[in-house]
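What follows is one structure encoded as structure tokens, with my remarks underneath.
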């Protein structure tokens, strides 16, 4: 069982895998950072968090469910995207992942957590 599933404060996690074009090797190293944003229509996008990339090129963004507990039901969910920063310069920006199902947040069990996998992104690093 992972630490994530035992931590009552970390209730859901977004993960994404980053590999390089051409050789499909994981993107790793201290010079890389992934940043998660929630796209907003009428204001600046919300910065959700930052993650390093592990030895498999995976970024992990952990948050508590209260981030979206009081979001009004407008018929659509958050619209997330991820940027990759190398040595403080943005080198990649993903497409927006639209309409994240907020029912995921409603289904979680405290201390168990929910993982949302955005999949694998192929980038020039």
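Could you go through region 38-47 and let me know if any residue there is under 21 Å from residue 119 (Cβ atoms) and either at pLDDT 95 or above or out of contact with any strand residue (DSSP E or B) (no Cβ under 9 Å at 6 or more places or on another chain) (or both).
So far as region 38-47 goes, no, none of its residues is under 21 Å from residue 119 (Cβ atoms) and either at pLDDT 95 or above or out of contact with any strand residue (DSSP E or B) (no Cβ under 9 Å at 6 or more places or on another chain) (or both).
Conditions: (1) at pLDDT below 90; (2) in a loop (DSSP other than H, G, I, E, B); (3) exposed (fewer than 15 other Cβ atoms within 10 Å of the Cβ). Residue 78 meets all but one. Number of the miss?
The number of the failed condition is (3).
Note down all Cβ pairs under 9 Å where the first residue falls in region 37-49 and is closer than 20 Å to residue 64 by Cβ, the second is exposed (fewer than 14 other Cβ atoms within 10 Å of the Cβ) and modelled with pLDDT under 85, and they're at least six residues apart or on different chains.
Pairs found: 46/40.
Which of the residues that make up region 81-98 are modelled with pLDDT of 75 or more and part of a loop (DSSP other than H, G, I, E, B)?
87, 88, 94, 95, 96
Quickly run through region 99-125 and pick out the residues that are closer than 17 Å to residue 20 by Cα and either modelled with pLDDT of 90 or more or part of a strand (DSSP E or B) (or both).
Listed by number, the residues that qualify are 118, 119, 120, 121, 122, 123.
The values are calculated or read from the model by the stated rules, or taken from the named source; none is laboratory data. This is a predicted model, so every value here is computed, not measured. Note: ideal-geometry Cβ built from the backbone for every residue, glycine included; neighbour counts use all protein chains shown.
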